[in-house]
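S.K.: Below is the structure I would like to discuss, written out as structure tokens.
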Amino acid sequence: MSTISRAHSAHSIAEQLAISKAQLQAFDSAGIDSRLLMCHVLHCEPVYLMTWPEKELTEAQLSALRQLVAKRKSGHPIAYLIGYRDFWSLRLQVSPATLIPRPETELLVETVLALSLPQQAKVLDLGTGTGAIALALASEKPKWHITGIDKNTDAVALAKQNAQLNKLTQVCFKHSDWFSNIGDETFSLIVSNPPYVEDDSVYLQHGDVRFEPASALTSGPDGLDDIRLIIAKTKAYLAKEGWLVFEHGYQQAPGIQALFTKHGFEQIHSLDDLNGQPRITLGRYSAQ
């Protein structure tokens, strides 16, 4: 059988990619998703798919691929199906115990790295999930002393695993419901991507969030319950001139800025994401 005809064989990589893409056509990411699922089944990198398009899949591989495509078609997040998500310069393991790291959260990392902080800054990541923010910062600032906390013990275990996989074991991860297990430590920076979705938001009925833990997404009628609590309590844990930085919903910047002002923060401002929507708000606390 010639290479050309084999490439069109029903069991070849090329043909199965075409079939998978057609089945996932409802998703804008159908082509990417098809390749990611194929790579997961074949335990290969994407370049392999282009190099060996005529390669035949075994029956076991075909079965595994079809099951994954069916789950993706029903809406399961691609990251949960393949078990990881790339974030910043890291590859992070994910699980249904945590939110899937989003590309827009890289703006939070960029914002923090642009701040003027001590060379050996102490940093606290509240609600660390996969450890994405803490580990991304550690990869850029190896001298920082970074602690990531989460109230979900499965998330803490996953973050520790990601630290090992990315050789960033200097980051400390521990179980804490916000500040409950922090003691009397103070930090140069407290950063958080907390739950900020309204309890009754229609957003919860669409896309990946249908499969993610609601406790990591929702925070009261206006989505600000956790942010209110964090802003009110953070002052006791910030060193002099320390920063508090949040990711939040695109309509929440004015409300969060008002909360910062109410609690005596200064240099309060918000930053827009790539879509031009306010996504990050931060403030500095100097009253000690």
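The values are calculated or read from the model by the stated rules, or taken from the named source; none is laboratory data. The structure presented is a predicted model; accordingly, all values stated were derived computationally and were not measured. All Cβ positions, glycine included, derive from the backbone under ideal geometry; neighbour counts span all protein chains shown.
S.K.: Just give me the residues in the range 108-132 being surrounded by fewer than 22 Cβ atoms within 10 Å (Cβ to Cβ) and not aliphatic (A, V, I, L, M), in sequence order.
M.R.: E110, T111, S116, P118, Q119, Q120, K122
Condition check ((1) surrounded by 20 or more Cβ atoms within 10 Å (Cβ to Cβ); (2) farther than 16 Å from F179 by Cα; (3) touching a residue at least 12 places away in the same chain (Cβ under 8 Å); (4) touching a Lys or Arg at 6+ places or on another chain (Cβ under 9 Å)) across all residues:
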site	(1), (2), (3), (4)
E212	yes, yes, yes, no
S215	no, yes, yes, yes
G220	no, yes, yes, yes
R228	no, no, yes, no
A239	no, no, yes, yes
L244	yes, no, yes, yes
E247	yes, yes, yes, yes
Y250	no, yes, yes, yes
A258	no, yes, no, no
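S.K.: Quick one: S286 ticks every box in (1) modelled with pLDDT of 95 or more; (2) touching a Lys or Arg at 6+ places or on another chain (Cβ under 8 Å) except a single one, so which number is it?
M.R.: Evaluating S286 over (1) modelled with pLDDT of 95 or more; (2) touching a Lys or Arg at 6+ places or on another chain (Cβ under 8 Å) leaves (1) as the failure.
S.K.: Have a look at S188, S116, S139 and point out the one that is assigned by TED's automatic domain parsing to the domain that holds E241, among the small types (G, A, S) and part of a loop (DSSP other than H, G, I, E, B).
M.R.: It is S116.
S.K.: Another question, if that's okay. So which of I32, I78, I82 is under 30 Å from S215 (Cβ atoms), β-branched (V, I, T), at pLDDT below 95 and surrounded by fewer than 16 Cβ atoms within 10 Å (Cβ to Cβ)? So that I can check it myself, show each step before the final result.
M.R.: Values: I78 fails: surrounded by fewer than 16 Cβ atoms within 10 Å (Cβ to Cβ); I82 fails: surrounded by fewer than 16 Cβ atoms within 10 Å (Cβ to Cβ).
Going through I32, I78, I82 in turn, just one is under 30 Å from S215 (Cβ atoms), β-branched (V, I, T), at pLDDT below 95 and surrounded by fewer than 16 Cβ atoms within 10 Å (Cβ to Cβ): I32.
S.K.: Further question on the same structure: If you go through the range 78-101, how many residues are in a loop (DSSP other than H, G, I, E, B) and either of a type in the set (S, T, Y) or out of contact with any His (no Cβ under 9 Å at 6 or more places or on another chain) (or both)?
M.R.: Residues flagged as in a loop (DSSP other than H, G, I, E, B) and either of a type in the set (S, T, Y) or out of contact with any His (no Cβ under 9 Å at 6 or more places or on another chain) (or both) within the range 78-101 amount to 10.
S.K.: Restricting to the range 98-107, and then to whatever is within 28 Å of E185 (Cα to Cα) and in contact with a Ser or Thr (Cβ under 9 Å, 6 or more places away or on another chain), can you tell me which residue is modelled with the highest pLDDT? Let's see the steps before the verdict.
M.R.: Taking the range 98-107 and keeping what is within 28 Å of E185 (Cα to Cα), we get 98-99, 101, 105-107.
Of the ones still in play, those that are also in contact with a Ser or Thr (Cβ under 9 Å, 6 or more places away or on another chain) are 98-99, 101.
Working: T98: 88, L99: 89, P101: 93.
The selected residue is P101.
S.K.: Kindly indicate whether any position in the range 41-51 is out of contact with any helix residue (DSSP H, G or I) (no Cβ under 8 Å at 6 or more places or on another chain), of a type outside the set (S, T, Y) and part of a helix (DSSP H, G or I).
M.R.: Yes, the conditions are met somewhere in the range 41-51.
S.K.: Working carefully through the options G276, G220, G255, G249, find the one that is at positive phi and in contact with an Asp or Glu (Cβ under 9 Å, 6 or more places away or on another chain).
M.R.: G220
S.K.: Among the residues of the range 202-254, count how many are of a type in the set (S, T, N, Q) and in a loop (DSSP other than H, G, I, E, B).
M.R.: Final tally of qualifying residues: 3.
S.K.: Out of everything in the range 217-245 that is among the hydrophobic types (A, V, I, L, M, F, W, C) and out of contact with any strand residue (DSSP E or B) (no Cβ under 9 Å at 6 or more places or on another chain), what residue ends up being farthest from S270 (Cα to Cα)?
M.R.: Residues of the range 217-245 among the hydrophobic types (A, V, I, L, M, F, W, C): 217, 224, 227, 229-232, 236, 238-239, 243-245.
Filter again for out of contact with any strand residue (DSSP E or B) (no Cβ under 9 Å at 6 or more places or on another chain), leaving 224, 229, 232, 236.
Values: L224: 16, L229: 19, A232: 19, A236: 23 Å.
Top of the filtered list is A236.
S.K.: Is at least one residue of the range 186-194 closer than 25 Å to L238 by Cα, crowded, with 20+ Cβ neighbours inside 10 Å and out of contact with any helix residue (DSSP H, G or I) (no Cβ under 9 Å at 6 or more places or on another chain)?
M.R.: Yes; the residues of the range 186-194 include at least one that is closer than 25 Å to L238 by Cα, crowded, with 20+ Cβ neighbours inside 10 Å and out of contact with any helix residue (DSSP H, G or I) (no Cβ under 9 Å at 6 or more places or on another chain).
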